[in-house]
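Notes follow once the structure below has been shown.
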Amino acid sequence: MRLLQQQQRFDKWLSVFNHQRPHEALAMKCPADVYVPSTRTHAPKPLSYPLHDLVLRVSDSGRIRFPNGRRGDKLYFLSESLAGHDLGLRELDDGRWLVTFASVDLGTIDRTTRTFTPRSGTEADADTQPTPRRRSSTTQTQKKRRAA
């Protein structure tokens, strides 16, 4: 079955589920009969990057470009899922740029080689792993107390 056909079947099921099929939890009414849109609007807070040197907005195609870039500086593709979002960039000691979304370090940009290197999952996991607990050794006195 093709994706378009699957979508059509899902849309049909969704219509039946919301407009024709009564639900016991809704006193045998259909969800469409009791649904009321929210009057509140959702305005997400803009992300701020106080410790970063630059804040750049990702284009609709998932790319960023440094402002006043060097001649021949390119667009760096990150991800289309970041389109429209602001990213923080901080220059590192070695000249690379750390790219951050919210509190997640995505990777680094090296402007000399003109490459974006994503942060690997294992590298990210290593930084966030909790320190293993040390087992406390049971002394002879503790063992005697327990036995008594």
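Between residue 35 and residue 20, what is 0.36 nm times their sequence separation minus the Cα-Cα distance? Round to one decimal in nm.
Once the chain is fully extended between residue 35 and residue 20, it gains 4.0 nm.
How high is the relative contact order of the stretch 54-124, in percent, with contacts defined as C-alpha pairs under 8 Å that are six or more residues apart? Working shown, then result.
Values: 122 pairs, mean separation 17.1, N = 71.
After rounding, I find 24 percent.
Coordinate-derived values only; no laboratory data. Keep in mind the model is a prediction, meaning the values are calculated, not measured.
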